[in-house]
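Participant: Structure in structure tokens, see below.
The values are calculated or read from the model by the stated rules, or taken from the named source; none is laboratory data. Given the structure is predicted, the values throughout are model-derived calculations rather than measurements. So basically every Cβ, Gly included, is an ideal-geometry build from the backbone, and we count neighbours across all protein chains shown.
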Amino acid sequence: MKRRIVIFDTTLRDGEQSPGASMNIEEKYMLAQQLARLGVDVIEAGFPASSQGDFEAVRLIAQKVKGPTIAALCRALPEDIDRGWEALQGGKNVRIHTFISTSDIHLKHQFRRTREEILEIAVAAVKRAKGYVENVEFSAMDASRTDIDYLCQVVEATIAAGATTVNIPDTVGYAQPAEFGAMIRTICERVPNVSRAVISVHCHNDLGLAVANSLAAVANGAGQVECTINGIGERAGNAALEEVVMALRTRPEVFDFADTGISAKEIYRSSRMVTDITGIQVQPNKAIVGANAFAHESGIHQHGLLADRSTYEIMDAEAVGAGESKLVLGKHSGRHAFERKVQEMGITLEPDQLLKAFARFKELADKKKEISDRDLESLIADETRAVHEIFHLDYMHVVGGSGIIPTASVRLLRDGQPIEEASLGVGSVDAIFTTIDRLVKVPHKLVDYVVKSVTGGTDALGEVTVRLTDDTGRIYLGRGASMDILDASARAYVQAINKLAYDHQVRAGRITPEQAEKRAHRKGKK
């Protein structure tokens, strides 16, 4: 019988700690639904005590997302655990995840507590959580730098207190695979009540070893791996879910045929959704989901591949949802061909979204001879992104060139009513942004502006990413795609302003959390 490895996805919590990767409640809900389709066992939906936004997201996901266990992260503090339970109430399958550090370096410099005091706090936290839910996880933060005898004592005591999962994190990415695997094996052999709980691991990628350490842990008895889509997360990130899952599937004999419940065909779609929501791009040579993961340029490789795919590919691209299309789309393609292509790419669209995306596709097809899958993904994402449109870009005209002062004329629709303005700028993009600023009158600061091409060639579709900040320091991401970089820039800028303006309305009480939740639920169905 295969050993079942639990996949604990923390993209919504640890993944969101990547700089600039914050998500609103609608984006979290949409991604949680995709994680459920992916087949993860546990979704760590957030840290309820950290903010009202995280609290609302955890509550919505716990109540609405079916399938996975929904976990809330809580420090080993009574008020955190109480707040976590308040967020999880109403969910049918929930977990409280509580944590405290156990390494001497953290105890001395961060907590200023003795080992005995930390052990007492950990046990009390687990018992308090157990009073609310049956499913309790305890994490010994910085476990990889913790004395092994003390660590075994903490694991035994927290299991005795009621923990059903005990997590052994490599919090700062310090461990090496051989020693981390040996640590897990030691815990499994020395802790007398270890069979009453699942031993979990949560590895960070500071030395590029998060996946290797996670796999070493599985080979030595770990039953749960905590990971994120695309490996995003604090500092250098976490173990990448897609790499852990496909390593187990590709080399089952190495891991005693351990496997997960992940639907691999949803991997690529999940990766693209995380990129779309966070704006964090996947490097082309990224394993499993990178643009070049299944690309071959070398003549020798191509010759071998044509003879037998297994010569240079150890995985099937289609198995992870990244298979090449069999349809060639162009300006003569009809809606049925477009719809079929979208379905083959694993994308589900509502009828109105399909019409909007098809209209954009036809517009692009008239200008570009060859449209790639990446063009379609970017175009569709641009049309279906979950954003409340307080302002809609209706018209834009830009004049620029050598010896000409750049001028932009912009018409926006504000709640359906047209507003117009024209401004000068030091460049065309500056003129556009200045004009939009005069129209929206929403205080903010532009902190980042990034332009990249989706594909090669002079007719490439361009993607623009902007990040704005308000007086609280919150970051708001906007993305736009178009063959015209000025058009893409305006789309991205207006989208970011819409997010900022909507967030300000919620915080000012003009939109209640309940209204935001209902809107998030409606968007999540799409």
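Participant: Enumerate the pairs (first residue in the stretch 395-422 and assigned by TED's automatic domain parsing to the domain that holds Leu486 and more than 15 Å from Ile436 (Cα to Cα); second residue anywhere and basic (Lys, Arg) and exposed (fewer than 15 other Cβ atoms within 10 Å of the Cβ)) with beta-carbon separation below 9 Å, excluding pairs fewer than 6 apart on the same chain, so at least 6 apart or on different chains.
Facilitator: Going by the 9 Å Cβ cut-off, there are no qualifying pairs.
Participant: Give the number of residues within the stretch 162-184 that are over 19 Å from Ala72 (Cα atoms), free of Cβ contacts under 8 Å to residues at least 60 places away in the same chain, buried (at least 17 other Cβ atoms within 10 Å of the Cβ) and not β-branched (Val, Ile, Thr).
Facilitator: Total meeting the criteria: 7.
Participant: Also: Restricting to the stretch 455-484, name every residue that is β-branched (Val, Ile, Thr) and surrounded by fewer than 18 Cβ atoms within 10 Å (Cβ to Cβ).
Facilitator: Thr455, Thr458, Thr469, Thr472
Participant: Answer with yes or no whether Gly208 is surrounded by fewer than 20 Cβ atoms within 10 Å (Cβ to Cβ), modelled with pLDDT of 90 or more and either out of contact with any strand residue (DSSP E or B) (no Cβ under 9 Å at 6 or more places or on another chain) or charged (D, E, K, R) (or both).
Facilitator: Judged against the criteria, Gly208 is a match.
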